[in-house]
Structure formats: structure tokens, C-alpha cells
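The values are calculated or read from the model by the stated rules, or taken from the named source; none is laboratory data. As the structure is a computational prediction, the values presented were derived from the model and not from experiment. Virtual Cβ from ideal backbone geometry, glycine too; neighbours counted across all protein chains shown. Side chains are part of the model used for accessible areas, which takes the heavy atoms of the whole protein and leaves out ligands, DNA and RNA. Shrake-Rupley method; radii C 1.70, N 1.55, O 1.52, S 1.80 Å.
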Amino acid sequence: MNAEKEKRPHEPRGYFMYDFAKATAAIPVLLWLRPRILYENEAAREHIRGGALVISNHVSFADPIAIMAAIWYRRHHFICLKEFENKRSTKIFFKWFHCIPIDRENFGIDSFRQITGHLENGELVCMFPEGRINVDEGGLSTFKSGMVLMALKSNTPIVPLYLKPKKHWYSRMTIAIGEPVRVDAESGRLPSFDQINAASSRLSEKEEKLRELCI
């Protein structure tokens, strides 16, 4: 058991550079974004404890910064594409912020285990289930159903967020946070593909409600 635990890819690493960069950038980020946080209900206002999978629409490359500003009290582990993680210009930042690189063309069991390992370890994992930046003026693309399997495997809730696109670089950033969703209670421990897709659709509908909250 101990040997198996030592091989886990999600073993904690130093967070000094993460915490330093986050603290140093806090004031400039808040001045730039001036985030306006909206909540679905009172349950959504409660601080997220333990492992949780945060999902959000994807409107720009600055989205991770906005999510960290909205959920400022937790460390985040963003799922990123390996192609960006390997670029010299961004490699150091991906290392500092403990991103989880995946291969979009070859997402295998090792990547799945790494993500669920972080969740089972009580950490916060963030992903953009649209799979790409959506330039459709705040519209939503179909969410990938893999998020449901990750939540089921790790027995963790999914926290939906919606980011309203900024009209101008100087505009305020509006972020809506939804109540955590327990998909295992809806789908069961051994769901069918239809149940997984149904749970994914329900989460997409919740994102749509959060979008309407921002209008």
C-alpha cells in the first residue's frame, strides 16, 4: 500500500512559488478584473471544503485568473493541454501553478487517474468542459461528459461557474457561482452512458441558469 501511494502522480509538491505569485499578483488582478461575484443561492456562498471539481465556460486565456480571484481561499489545479505546458514561454508558469497536463488527442487512463488522484487527495481541480475557448459572445458549447466520470470516481462534488465575457479590457468581470452538485446521487455508482450524458446535460443547464443570472 505504501509503495503504491509513493507512485501516485498527485503527491503534494512545494507551493512556495504558487503562493508567492498569487499573493504578489492579488492587488493588480483585483484592480484589473474588479470581479463582481454572484451566487445561485446561499449554499453557493459557502466556502468549498475538501476535494471538488470546478467547471466553467471558457471565454479567454485569462479565465484561470478570474476563477482564482473568485475562489481566492483555495489553491487550484487547472487541467491544461500538454501542448501549452511544453511551450518554453509558459512552461515555468504551468509548473509553478501545478497544472495537470493532458493530451487532448490521447486522453488515457493515466491522465484520468492523475486528475481523480488530486480530487481524492482533497484538492481543487478546475476544468473547462467545453474543451476550447468559446467566442460566441457568452454562449455555451456542449460540455464534455468526462467531468461526470471524474466526480463519480473521486466521490467529489462539481462546482459550476459562469464567466461573463468582458466587452472591453477595462470592464468589470462578472462571475456566477452555483451550488455544488453531487452527480453520484443522481447517476448512481455504476451509471450507463445515457445516465452520464443526462448528468452532463443537467450541468449544462445549470451553467445556462448561471449565465442568465449575469444578464
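For the range 26-179, state the semi-axes of the equivalent ellipsoid (square roots of 5 times the eigenvalues of the alpha-carbon gyration tensor), sorted largest first and rounded to whole angstrom. Let's see the in-between values first.
On the way: eigenvalues 106, 73, 48 Å².
So the three semi-axes of the range 26-179 are 23, 19, 16 Å.
In the assembled protein chains, CYS80 presents an accessible area of approximately 20 Å² (probe radius 1.4 Å).
For ASN155 and ALA26 in the same chain, what is the full-extension length gain: residue separation times 0.36 nm, less their Cα-Cα distance, in nm? Working it through step by step, the gained length comes to 43.3 nm. Residues considered: LEU161, LEU53, LEU38. Largest GNM mean-square fluctuation over the chain, using C-alpha springs under 10 Å, is found at LEU38.
Please figure out what share of the DSSP beta bridges in the chain is antiparallel and state it in percent, rounded to the nearest 5.
20
Phi angles of the range 34-46 translate, via the Karplus equation with coefficients 6.51, -1.76, 1.60 and θ = phi - 60°, into HN-Hα couplings of 6, x, 10, 9, 10, 10, 4, 6, 5, 4, 6, 6, 5 Hz per residue; Gly and Pro are given as x. Proximity of backbone amide H atoms, modeled 1.01 Å from N, is registered between VAL59 and ASN134 at under 5 Å, excluding neighbours fewer than 5 places apart on the same chain. Using a ≥ b ≥ c from the Cα gyration tensor of the range 63-145 (square roots of the eigenvalues), is it rounded, prolate or oblate, where a/c under 1.5 gives rounded and otherwise the larger of a/b and b/c decides, a/b for prolate? It comes out rounded by the Cα gyration axes.
Surface calculation, 1.4 Å probe, protein heavy atoms: LYS166 sits at approximately 50 Å² accessible.
Coupling constants for the range 125-135 follow from the phi torsions by the Karplus curve (6.51 cos²θ - 1.76 cosθ + 1.60, θ = phi - 60°), and in residue order they are 10, 10, 8, 10, x, 5, x, 6, 6, 9, 9 Hz; glycine and proline get x. Highest GNM mean-square fluctuation among GLY117, GLY108, GLY131, for the chain modelled with Cα contacts below 10 Å: GLY108. For GLY51, the residues 5 or more places off, or on other chains, whose built amide H falls under 5 Å of its own are GLY122, GLU123. Its Cα centre serving as origin, the chain has a Cβ charge dipole (Lys and Arg +1, Asp and Glu -1) of approximately 700 debye. Taking a ≥ b ≥ c as the square roots of the eigenvalues of the Cα gyration tensor of the range 99-147, is the shape rounded (a/c under 1.5), prolate (a/b larger than b/c) or oblate? Because a/c hits 1.5 or more and a/b exceeds b/c, the range 99-147 counts as prolate. Shown here for the range 104-159: GluC sites (Glu not before Pro) in loop regions (DSSP other than H, G, I, E, B) with at most 11 other Cβ atoms within 10 Å, namely GLU105, GLU137.
From its DSSP helices (H runs of at least four residues, each -39,500 (n - 2.57)), the chain gives a residue-normalised ellipticity at 222 nm of -12500 deg cm²/dmol. Averaged per residue, the range 42-188 has 50 square angstrom of accessible surface, using a 1.4 angstrom probe with ligands and nucleic acids left out. Taking the inverse of the mean 1/r over every pair of distinct Cα atoms in the range 102-204 gives a Kirkwood hydrodynamic radius of 15.1 Å. GNM remark for the chain: springs join alpha carbons under 10 Å apart, and the peak mean-square fluctuation among GLY178, GLY51, GLY139 falls on GLY139.
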